[in-house]
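The values are calculated or read from the model by the stated rules, or taken from the named source; none is laboratory data. Predicted model only: the values in this text are computed from it and were never measured. Here the Cβ is made from the backbone with ideal geometry for all residues, glycine too, and neighbour counts use every protein chain on show.
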Amino acid sequence: MNCQADGSPTITSLAAASRHCCSRDPGAPVSALFPFVLRTYLFDLHCPAGQSPEDLARRYEQARSAIGLRRVVVFGHGSGAAAALAYAAMYPERTAACVAVAPAGTGAYPLLEHVFCRTLIVAGELDLTSGPAQAGPVARRIPHAELVVLPGCGRLPAAEEPGGYRQVVLDFLRG
């Protein structure tokens with residue numbers, strides 16, 4: 001897989017913990033599904049209500065800077081997807097790629113045309129609030145976006161369909 005000579009991952013990612021991502025361990029889908037491909041830094045956005053995607057993106061940037069990372073793949077789910085998309089638009093020189101899962105209702109809409117990195121939008125076919133009908137318009141506004149709809153899946157693709165989700169993300173990262 002994508003490893004350095006010492007076996008460590010070659011791709012660095014930032015992922016926002018989301019209480020909506022998984023009930024027990026919000027970071028498990030990213031860190032557990034891609035251990036040999038991604039070196040993932042998971043952090044908790046824990047922002048007061050009313051924070052904009054831009055505010056959350058600034059927190060991503062503070063974390064990236066504090067850790068001393070160069071270019072990253074940003075992951076986000078739900079409101080974390082809006083933050084990841086905002087980050088990609090606001091910090092293009094720091095963003096290698098973006099993976100946004102269930103990004104419906106994203107307040108990042110004004111910034112979407114400024115996301116120029118490779119972007120993967122993932123939606124569950126059965127998700128009524130963040131599924132294809134909502135994720136499609138998000139993907140269409142991003143110049144280099146790819147929309148993947150996972151069949152038979154709801155709002156939590158990494159938990160509901162881990163094998164399919166993992167393959168989609170790996171294909172995207174390798175592409």
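For the range 108-127, a tally of residues being over 13 Å from the mean Cα position of the chain (by Cα) and either without any contact (Cβ under 8 Å) to a residue 24 or more places away in the chain or more than 21 Å from residue 54 (Cβ to Cβ) (or both) returns 5. Look at the range 128-141: where a residue is more than 14 Å from residue 157 (Cα to Cα) and a partner is of a type in the set (D, E, K, R), sitting 6+ places away or on another chain with Cβ atoms under 7 Å, you get 141/113.
Taking the range 109-132 as the range and being touching a helix residue (DSSP H, G or I) at 6+ places or on another chain (Cβ under 6 Å), surrounded by 24 or more Cβ atoms within 10 Å (Cβ to Cβ) and part of a loop (DSSP other than H, G, I, E, B) as the test, only 115 passes.
Taking the stated definitions as given, is residue 88 in a helix (DSSP H, G or I) and modelled with pLDDT of 90 or more? Considered against the rule, which asks whether it is in a helix (DSSP H, G or I) and modelled with pLDDT of 90 or more, residue 88 comes out as yes. Look at (1) in a helix (DSSP H, G or I); (2) touching a residue at least 24 places away in the same chain (Cβ under 8 Å); (3) under 14 Å from residue 81 (Cα atoms) and you find that residue 159 fails only one, number (3).
Here is the figure for the range 130-175: residues that are among the hydrophobic types (A, V, I, L, M, F, W, C) and under 17 Å from residue 97 (Cα atoms) total 11. Which residue out of 89, 66 is more than 11 Å from the chain's Cα centre (by Cα), surrounded by fewer than 17 Cβ atoms within 10 Å (Cβ to Cβ) and farther than 23 Å from residue 164 by Cβ? None of the other options fit; the residue is 66.
When restricted to residues that are within 16 Å of residue 51 (Cβ to Cβ), outside any helix (DSSP H, G or I) and touching a helix residue (DSSP H, G or I) at 6+ places or on another chain (Cβ under 6 Å), the range 61-85 contains 1. Within the range 32-51, identify whether any single residue is modelled with pLDDT of 75 or more and over 25 Å from residue 160 (Cβ atoms), and answer yes or no. Yes. In the condition set (1) modelled with pLDDT of 80 or more; (2) over 19 Å from residue 110 (Cβ atoms), residue 54 is compliant with all but (2). Note on the range 137-156: residues that are part of a helix (DSSP H, G or I) and under 16 Å from the mean Cα position of the chain (by Cα) amount to 2.
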